[in-house]
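Notes to accompany the following structure.
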Amino acid sequence: MERLTISLNDQLAEQFDVVMHKRGYFNRSEAVRDLIRDLLDTVRVEEHAEGRCIATLSYIYSHHESELASSLTAVHHDHHDLTLSTMHVHMDHDNCLEVAILSGSIKNVKKFANHIIATRGVRHGKLHLLPVETPQEHYSPDSSLHVHSAAIA
Ligand code: NI
């Protein structure tokens with residue numbers, strides 16, 4: 001494990017400590033590790049649109065809006081290769097919350113999520129996308145090890 005020493009001016013360090021404690025971190029190392037992971041994920045998503053990801057897509061809609069529920073279901077069926085599972089919660093008398101777990105190339109998952117989020121009547125759509133390493137990225141000619149699992153750092 002490498003140790004990093006970071007120099008921060010007093011004001012920045014103080015602000016970081018306040019926010020870190022608000023977010024429930026007990027030490028700076030874990031907070032900084034999560035910031036770095038976040039940055040690496042962002043860069044991977046920007047640079048590797050063909051790379052694979054796992055993602056959650058959540059959104060709210062009113063089931064009173066005619067055709068909306070069935071058109072959303074149709075969109076999911078059209079992209080059944082991307083949708084692993086969908087959970088539907090009847091939030092209150094009018095609103096439904098759906099959370100879909102998606103898996104596929106970053107490009108396709110984003111395109112699909114944007115399509116759902118932009119659908120008229122769909123509100124508060126949010127995609128949380130995590131790039132995953134494909135087994136090929138671990139391939140080593142010397143190794144007979146067959147890697148099945150995707151890894152997240
Ligand atoms: Ni419902």
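Readers should treat all values here as calculations from the given coordinates under stated rules, not as data from a laboratory. In this text the structure is predicted, and so the values were computed from the model without any measurement. Counting neighbours? That spans all protein chains shown, and the Cβs are built from the backbone with ideal geometry, glycine included.
Observations, loosely collected:
- Charge tally in the Cβ shell below 13 Å around Arg3, where Lys, Arg are +1 and Asp, Glu are -1, Arg3 excluded: +1
- Think of the chain as a dipole: +1 on every Lys or Arg Cβ, -1 on every Asp or Glu Cβ, centred on the Cα centre; then among Gly51, Ser103, Gly121, Gly121 lies furthest on the positive end.
- Exposed loop positions in the chain were taken to be chymotrypsin sites (Phe, Trp or Tyr not before Pro) whose DSSP state is not H, G, I, E or B and which have at most 12 other beta-carbon atoms within 10 angstrom. Between these positions, the longest stretch is 27-138.
- Taking the C-alpha atoms of the range 1-130, convex hull volume expressed per residue in Å³: 160
- Listed from fewest to most Cβ neighbours within 10 Å, the set Val75, Val19 follows the order Val19, Val75.
- For the pair the range 1-51 and the range 65-140, the centres of their Cα atoms are 28 angstrom apart.
- Neighbour-count order for His79, His64, fewest beta carbons within 10 angstrom listed first: His64, His79
- Helix 68-78 axis, angle to the chain major axis (alpha carbon atoms, nearest 10°): 60
- Taking Glu67, Glu2 and counting other C-beta atoms within 10 Å, the order from fewest to most: Glu2, Glu67
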